[in-house]
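The values are calculated or read from the model by the stated rules, or taken from the named source; none is laboratory data. Here the structure is a predicted model, which means the values were calculated and not measured. Note: ideal-geometry Cβ built from the backbone for every residue, glycine included; neighbour counts use all protein chains shown. In case anyone asks, the SASA skips ligands and DNA or RNA and just uses the protein heavy atoms, side chains included. Shrake-Rupley method; radii C 1.70, N 1.55, O 1.52, S 1.80 Å.
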Amino acid sequence: MQVVHHIAELRQALAGPRPAFVPTMGNLHEGHLALVRQAKATGRPVVASIFVNRLQFAPHEDFDRYPRTLPRDAELLQGAGCDLVFAPDEREMYPVPQSYKVHPPAGLGDILEGEFRPGFFTGVCTVVMKLFQIVQPGVALFGKKDYQQLRVIEGMVRDFAMPIEIVGGETVRAEDGLALSSRNGYLSDTQRAEALALRQQLLAVVEAVRSDRSAIARAEATAMQALRDRGWQPDYVAVRRRTDLAAPLDAGDALVVVAAAKIGTTRLIDNLEL
């Protein structure tokens, strides 16, 4: 496996078929590696990027303390079958201030995560667009744990007629059901045990809505209050259409329940499709 840090090196190494691409911010876990193995199954060369993207962090968020673990990440990627790792620094990705940016539509980008993290999806779209231009993949893989991000990227690729297939990978969970996340490493032992409550509330919402589709608002409010009662700071628990994360309209809409909440200073997200 080759590790490169510069765009020119990457382009020289990618002289063959268009690769399958897994963009990451590093500090990898089994969820990332599952995407790499899924990419490997396409039969294409597999490229993973490792870049902590400042554009998607608000000033009060954890950009500076986000773990940078490239040697460990590279070892894990090699074991998962990755062929090439692109690990640029900020000077390589943003040699001048990134004044051109990609803004997702407000109806998708400014709700849920976008409401509580203003500008987040603009930062995501901008760096992913730039990475797509650099890597020129035929397939790109994103985890379903970041459900809204997946829908935003799908829309960007569609609207710009980019010749890239976007593939969603299923959420990978620990044995006790907690969705794997790089931010789980911030949790104390007590918080790690309590973190299971987020998925438990999602399961309760799923059960309530499956029993009675008219109970959505009540199920959402009940889950929010249950988290507050346990000491969480929930941002949202919301049942939405899978396709565009808008509020459900028809009885036949395929649904997903999405949630974000802080336990201590660590913000966790999760979702379950109904």
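I need a count of the residues in region 71-81 that are surrounded by fewer than 16 Cβ atoms within 10 Å (Cβ to Cβ) and part of a helix (DSSP H, G or I). Talk me through it step by step, then tell me what you get.
Here is the first cut: in region 71-81, the residues surrounded by fewer than 16 Cβ atoms within 10 Å (Cβ to Cβ) are 71-72, 75, 78-79, 81.
Cutting the leftovers down to part of a helix (DSSP H, G or I) gives us 71-72, 75, 78-79.
Qualifying residue count, region 71-81: 5.
There is at least one residue in region 82-101 that is under 29 Å from Asp235 (Cβ atoms), modelled with pLDDT of 95 or more, outside any helix (DSSP H, G or I) and under 20 Å from the mean Cα position of the chain (by Cα). Quickly run through region 158-201 and pick out the residues that are among the β-branched types (Val, Ile, Thr), in contact (Cβ under 8 Å) with a residue 12 or more places away in the chain and farther than 22 Å from Ala238 by Cα. Answer for region 158-201, where residues must be among the β-branched types (Val, Ile, Thr), in contact (Cβ under 8 Å) with a residue 12 or more places away in the chain and farther than 22 Å from Ala238 by Cα: Ile164, Ile166, Val167. When restricted to residues that are small (Gly, Ala, Ser) and touching a residue at least 24 places away in the same chain (Cβ under 8 Å), region 211-244 contains 4.
Here is the figure for region 38-59: residues that are assigned to a loop (DSSP other than H, G, I, E, B) and either farther than 20 Å from Thr126 by Cβ or open to solvent by less than 20 Å² (accessible area, probe 1.4 Å) (or both) total 8. Of the residues making up region 125-135, not a single one is more than 16 Å from Phe51 (Cα to Cα) and either touching a Lys or Arg at 6+ places or on another chain (Cβ under 9 Å) or outside any helix (DSSP H, G or I) (or both).
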